[in-house]
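Quick notes on the structure that follows.
The values are calculated or read from the model by the stated rules, or taken from the named source; none is laboratory data. Worth saying up front: this structure is predicted, and the values here are computed from it rather than measured. Cβ coordinates were reconstructed from backbone atoms using ideal geometry, including for glycine residues, and neighbour counts include every protein chain displayed. What goes into the accessible areas is simple: the full protein's heavy atoms, side chains included, and nothing from ligands, DNA or RNA. Shrake-Rupley method; radii C 1.70, N 1.55, O 1.52, S 1.80 Å.
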Amino acid sequence: MKHVVGGGIAGLAAAYRLKQQGHDVRVFEAADQLGGLAATYETPGDRIEAFYHHLSKSEETIVDLAEELGVDDRLEWLVGKNAYYVDGVVHPLDTPWEILAYPHLSLYDKFRLGMLTLGVDLREFPPRFDSYESLAAYEDVPIREFIVDHATEGVYENFFEPLLDAKFGSRKEDVSAAWLLGRIKFRGERDLLRGEVLGYFDGGFAPFVDALVDAVGRENITTGARVTDLGLADGAVSTLTVEHEGESTTHDTEGVVVAAMPNVLESLCGYECDIDFQGAVCAVVTMDRSLTDTYWLNIAHDAPFGALIEHTNFVPPDRYGGQHLLYVASYIQSYDEELWQSTDEEIREQWLTHLEEMFPDFSRDSVTQFRIARNPRAAPVYERGYLEKVVPYDLGAVADGLYYAGMASQAQYPERSLNGGIVAGFECADRIDARASESTPEESRAVADGSGEE
Ligand SMILES: Cc1cc2nc3c(=O)[nH]c(=O)nc-3n(C[C@H](O)[C@H](O)[C@H](O)COP(=O)(O)OP(=O)(O)OC[C@H]3O[C@@H](n4cnc5c(N)ncnc54)[C@H](O)[C@@H]3O)c2cc1C
């Protein structure tokens, strides 16, 4: 029997692939709900993710998996409008003429920004089109230095800096230019006349997770089950201890995929990962009317949140019983920050007050529900030298049969995503399977027909 620690997308993907390959597998999930960071709330219509989620066109593994699971007909590619809030004004930034009309960048800044995002290096003549192909070359370059050198000071100060403030706060100087270039490549298709094309399932990500759970087999998954220890014998992982319904039990295992944050990996086997994580506080605000006509509004303003993501400007409100859903999101770099220390009631009061200040037409009377989700490790800080810190899929150096598919794995770079979680889960499963095929012919046959598994 192979075991998976964590029933988020990465753990479920690993279990699904292992099962497909003919292995017996059991998933232990500490929470009562599956899906991890993609967990959802109820609405009068479809379920809604507690943390905003969409797919980019560059992400293919999740699309292939949706097809395998028979839910690809639910996948919709919709336009998400982007805008920037500066000095009390919402500036749409989707079409070429909206970008031309944006007053906070000079024409030359816009030209240099455009060339950078198209991957054209204008520092030499003739311009080079291959400068940004290798991200590794920029792994140790500070992001500010890179943008000033490859575009302009104005592009940094008036375009990227507020975005970096919102995403990385006090850690923004630590982030590498490689991350930025990776993010630009990661962003998928743009509809030049309308905006960014993003993926979302009809019904949200819940039906996709449900289909994955069904494919793994609900009988192979235990929720409310926290893995607390791994046992080793002769350099190989041999047991795992699980707390479930107040009881602690130890199970023999032939391989373990840890599909959880690296602090969980460390507590289970002592492996230390140096990647820093930032926390997130994210509210889903339910309103009886819309706030803006934008999906993704970046905030270049002194507000206690970094972005306003009006989900029902992306997916129509009739899917949620006519309600309008707005995500208000902020990242924290330290657990001492006031936001992290505040109660939900304090956050609600502070955020609604700011929304009323920023949008004179907005009134808290339109708010019917305010649900807050917090996660202490919502995203890695992609600082310089990050790639040297990623946790390998195969942790054979720690113990034979130990694998890692959590957020600190290679597939979650340059941006952590559901797609990255699936890739990481598959990578681990494929390594386990390849290892099983290298076993003696009798053992391989036993794996294939399931008779040799515990
Ligand atoms: C604010 C925010 C916005 C995001 N936006 C997007 C987006 O737009 N698009 C996108 O694709 N992705 C997005 N993501 C990222 C995406 O949610 C994650 O990359 C993905 O869900 C990670 O999956 P995972 O399985 O690796 O980890 P998790 O979802 O964290 O799952 C790990 C699971 O392990 C369980 N666990 C922990 N310890 C134990 C233990 N000891 N025993 C048993 N179980 C344990 C946890 O309870 C959890 O369920 C976003 C995330 C956040 C926070």
>> I'd like the per residue volume of the convex hull spanned by the Cα atoms of segment 151-256, given in cubic angstrom.
In response: 245
> Got a sec to turn the phi values of segment 323-335 into Karplus ³J(HN,Hα) couplings, 6.51 cos²θ - 1.76 cosθ + 1.60 with θ = phi - 60°, whole Hz, x for Gly and Pro?
Replying inline: 6, 9, 10, 10, 8, 10, 10, 8, 9, 10, 9, 8, 6
>> Quick query: amide H of Ser238 versus all other amide H atoms, modeled in the peptide plane; which residues come in under 5 Å with a sequence gap of 5 or more or a different chain?
In response: Gly231, Leu232, Ala233
> What residues have an amide H closer than 5 Å to that of Glu196, excluding those fewer than 5 places away on the same chain, when H is modeled at 1.01 Å from N in the peptide plane?
Replying inline: Gly80, Asn82, Asp191
> In percent, what relative contact order does segment 252-345 have, based on Cα pairs under 8 Å that are 6 or more apart in sequence?
Replying inline: 29
> What nm distance separates the two modelled labels at Ser290 and Arg123, each placed 7 Å from Cα along Cα→Cβ?
Replying inline: 4.3
>> Between Tyr41 and Glu139, how high is the FRET efficiency from 1/(1 + (r/R0)^6) when r is the Cβ-Cβ distance and R₀ = 45 Å? Nearest 0.05.
In response: 0.75
> Could you give the length gained on full extension between Glu247 and Ser334, defined as 0.36 nm per residue of separation minus the Cα-Cα distance, in nm?
Replying inline: 27.9 nm
>> For a Förster distance of 35 Å, can you work out the FRET efficiency between the beta-carbons of Asp130 and Asp24, rounded to the nearest 0.05?
In response: 0.15
> For segment 332-414, which whole-number percentage of the solvent-accessible area (1.4 Å probe, protein heavy atoms only) is attributable to carbon and sulfur atoms?
Replying inline: 44
>> Using the Cα atoms of segment 278-380, I'd like the radius of gyration and the largest Cα-Cα distance, Dmax, both in angstrom.
In response: 13.4, 40
> For Arg348, what charge total do you get from the other residues with a beta carbon under 11 Å from its beta carbon, if Lys and Arg give +1 and Asp and Glu give -1?
Replying inline: -2
> Once the other residues with Cβ under 10 Å from the Cβ of Asp274 are scored (Lys, Arg +1; Asp, Glu -1), what is the net sum?
Replying inline: -3
> Amide H to amide H, which residues 5 or more places from Ile221 or on other chains are under 5 Å from it, using H placed in the peptide plane?
Replying inline: Val27
>> If I stretch the segment between Leu107 and Val79 completely, what's the gain in nm (0.36 nm per residue apart, minus their alpha carbon distance), one decimal?
In response: 7.5 nm
>> Residue by residue through segment 173-178, what is 3J(HN,Hα) from phi via Karplus (6.51 cos²θ - 1.76 cosθ + 1.60, θ = phi - 60°)? Round to whole Hz and write x for glycine and proline.
In response: 5, 7, 6, 8, 5, 4
>> Calculate the FRET efficiency for Trp97 and Glu266 from the Cβ-Cβ distance with a Förster distance of 56 Å, rounded to the nearest 0.05.
In response: 0.65
> How large is the helix-only mean residue ellipticity at 222 nm for the chain, computed as the sum of -39500 (n - 2.57) over DSSP H runs with n ≥ 4, divided by its residue count, in deg cm²/dmol to the nearest 500?
Replying inline: -8500 deg cm²/dmol
>> What does the net charge come to around Asp400 if you take all other residues with beta carbon closer than 11 Å to its beta carbon, with K and R at +1 and D and E at -1?
In response: -2
>> Please report the antiparallel percentage of the DSSP beta bridges confined to the chain, to the nearest 5.
In response: 75
>> Taking θ = phi - 60°, what integer Hz values does the Karplus form 6.51 cos²θ - 1.76 cosθ + 1.60 yield along segment 85-102, in sequence order, with x for Gly and Pro?
In response: 9, 9, 6, x, 10, 8, 9, x, 9, 9, 8, x, 6, 5, 5, 4, 7, 5
>> Need one number: nm distance between label points at Glu345 and Asp361, each 7 Å from Cα along Cα→Cβ, rounded to one decimal.
In response: 3.3
>> Tell me the relative contact order for the chain as a rounded percent, counting alpha carbon contacts under 8 Å between residues six or more apart.
In response: 24
